[in-house]
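A short reminder: the numbers here are calculations on the coordinates, not readings from a lab. Worth saying up front: this structure is predicted, and the values here are computed from it rather than measured. As a convention, Cβ positions derive from the backbone with ideal geometry for all residues, glycine included, and neighbour counts pool all protein chains shown.
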């Protein structure tokens, strides 16, 4: 999901609390492509950039802020706990073949190789 698209990543500075944080947003030819990229981003795979020959994706993990588990009366919902994303590693892919969306195939496909 983080590689099969024609979207462009845009870095923006957003104020969160009292500090500025850099976030990545997406612009694309269809809302579906943007939605799939945002879904992948929310699950730890963040598309960064692409060229005609390569693509780059950040693999991230959640770091939960110091919240005492004793403050919860029941098992905590991890999705609701305060957290931030940290980059585990940068995944670089060589773009081998791109098969554009067509009305006959009704899909877009790409073939990549891990670099």
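Please sort 9-22, 100-113 by packing, taking for each peptide the average over its residues of neighbouring beta carbons within 10 angstrom, highest first. If you can, show how the numbers build up before the last one.
On the way: 9-22: 9.1, 100-113: 10.9.
Answer by packing, highest mean first, reads 100-113, 9-22.
From largest to smallest, what semi-axes in whole angstrom does the chain give when each is the square root of 5 times an eigenvalue of its alpha carbon gyration tensor?
Result for the chain: semi-axes of 33, 16, 15 Å.
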> Say each of residue 103 and residue 43 gets a label point 7 Å from the Cα, pointing the same way as Cα to Cβ; how far apart are those two points in nm?
Replying inline: 3.1
